[in-house]
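Q: Take this structure first; my questions come after.
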Amino acid sequence: MSNNMKIIQWEPLRDLCQKLYEAQGMPADEAFLVADSLVDADLSGVESHGVSRMPIYMKRIEEKVVTNKCRVEVEKEFPGGLALNACNSMGIVAGVKVMEMGIKKAKESGFAFITVSHSNHFGTAAYFTRQALKENMIAFAATNAPSTMAPWGGIKAYLGTNPFSVAIPAGDQLPIIMDMATSVVAQGKIIMAAKTNESIPEGWAINKEGVVTTDPKEALEGTVLPFGGPKGYGIALLVDILSGILSGAMFGPHLNNMWNDFENPQNVGHCFAILDISKYIEVESFKSRIDQMIQEIKTSPKAKGVEEIFMPGEIEHRKSMKRREEGIPVSSVVYEDLKALAEKWNVAFTI
């Protein structure tokens with residue numbers, strides 16, 4: 001373990017983050033959701049969406065470009081869906097409430113597709129899709145983001161990393177949970193590398209001249225690259241259309257930047273889809289066949305040098321279990337950021 005890392009127990013870390021949001025006037029239940037989502041990301045090894053986001057989230061609330069109390073308004077409703085306005089709420093809290101609404105509607109109609117406008121950064125998409133698993137439902141969640149990725153073949157950012165998640169329940173096996181950006185890597189990882197003065201792998205990003213770079217600061221001035229070349233670009237475009245244009249939110253370069261615009265709300269757009277398995281097939285049969293698929297994939301012949309074939313979400317689950325026992329590694333930069341926030345908001349620093 002690097003000397004620049006501290007090991008923090010996850011529950012005290014979550015309690016600290018919750019108290020910090022409460023100090024900003026956020027209701028306790030909503031403060032818990034935001035804190036829980038960030039710590040959940042750190043537990044899963046997705047540090048780019050973990051407590052490193054605390055300073056920017058809190059600054060946006062302090063500057064009043066994000067509201068500290070969630071309100072979600074129904075603009076349109078019909079049997080298979082909803083068009084919602086998050087009223088500039090914290091994206092994480094709005095996302096949880098939207099999923100609850102979607103699950104209820106899917107129980108009635110079998111399927112629900114929901115758009116959300118006037119929202120903000122919503123953390124990891126899997127935090128929402130996992131809500132549907134306990135209801136024996138399949139869920140999809142996606143969001144657009146400020147432009148950081150050029151269209152395939154271009155050098156000027158137009159699209160965001162536009163992540164999405166799909167969660168599928170299983171029986172005796174772990175559920176299948178995909179959560180990915182449409183770029184090679186989430187921009188948050190490049191931001192983290194810049195904070196900690198670490199280089200990034202070649203192929204993550206290009207500089208402003210369109211040349212591949214391993215310098216995270218150059219990468220932040222340039223653009224990230226789509227995964228799979230034109231395929232990732234196409235999926236990013238689709239997510240922006242479904243999340244931004246269909247919802248009535250902003251899209252592409254018209255989204256305001258979370259990191260440097262403290263005058264204007266972002267107006268991020270999301271979309272969610274929830275499918276009630278029981279309306280299509282007997283649930284236990286579905287889960288049994290998913291288990292069969294997982295077992296067949298994991299026991300299939302392995303390539304040379306491969307010890308195990310993983311299912312989507314499996315590595316994150318194992319890391320989460322390990323970190324729940326041993327603690328979360330937090331960089332000294334992030335640790336000092338949290339300490340400064342605690343001092344500023346007069347919250348006991350208990351980690």
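Q: Considering only lysines 8 or more places apart in sequence, or on different chains, count the pairs in the stretch 246-351 whose C-alpha atoms sit under 24 Å apart.
A: 5
Q: What's the center-to-center distance, using Cα atoms, between the stretch 310-341 and the stretch 152-192 in Å?
A: 18
Q: What are the trypsin sites (Lys or Arg not before Pro) within the stretch 140-208 that DSSP puts in a loop, where the Cβ has at most 15 other Cβ atoms within 10 Å?
A: Passing sites in the stretch 140-208 are LYS156, LYS208.
Q: While we're looking at this one, here's another question. What percentage of the solvent-accessible surface of the chain, computed with a 1.4 Å probe over protein heavy atoms, is contributed by carbon and sulfur atoms?
A: Heavy-atom surface of the chain belonging to carbon and sulfur, 1.4 Å probe: 54 percent.
Q: Ordered by packing density, taken as the mean number of other Cβ atoms within 10 Å over each peptide's residues, highest first, how do 32-39, 246-253 rank?
A: For the peptides 32-39, 246-253, the packing ranking is 32-39, 246-253.
Q: Restricting to DSSP H runs of at least four residues, report the calculated mean residue ellipticity at 222 nm for the chain, -39500 (n - 2.57) per run over all residues, nearest 500 deg cm²/dmol.
A: It lands at -11500 deg cm²/dmol.
Q: If you don't mind, there's one more thing I want to ask. Counting Lys and Arg as +1 and Asp and Glu as -1, each charge on the Cβ, what is the dipole of the stretch 192-261 about the Cα centre in debye, to the nearest 20?
A: With only Lys, Arg, Asp and Glu charged at Cβ, the dipole is about 180 debye.
Q: What is the Rg over Rh value, at two decimals, for the chain, using alpha-carbon atoms and the Kirkwood definition of Rh?
A: Taking Rh as the inverse mean 1/r over Cα pairs, Rg/Rh reads 0.96.
Q: Quote the relative contact order of the stretch 12-167 in percent (integer), defining contacts as alpha-carbon pairs under 8 Å separated by 6+ residues.
A: 15
Q: Now for a separate question. When ligands, DNA and RNA are left out and all protein chains stay put, how many square angstrom of accessible area per residue does the chain have with a 1.4 Å probe?
A: On a per-residue basis, the chain sits at 46 Å².
Q: Let me ask you something else. With all protein chains present and a 1.4 Å probe, how do GLU336, GLU314, GLU202 order by accessible area, largest first?
A: Correct descending sequence by accessible area is GLU202, GLU336, GLU314.
The values are calculated or read from the model by the stated rules, or taken from the named source; none is laboratory data. This structure is a prediction, so every number in the text was calculated from the model and none was measured. Don't worry about glycine lacking a Cβ; one is built from the backbone with ideal geometry, like all the others, and counts go over all protein chains shown. Side chains are part of the model used for accessible areas, which takes the heavy atoms of the whole protein and leaves out ligands, DNA and RNA. Shrake-Rupley method; radii C 1.70, N 1.55, O 1.52, S 1.80 Å.
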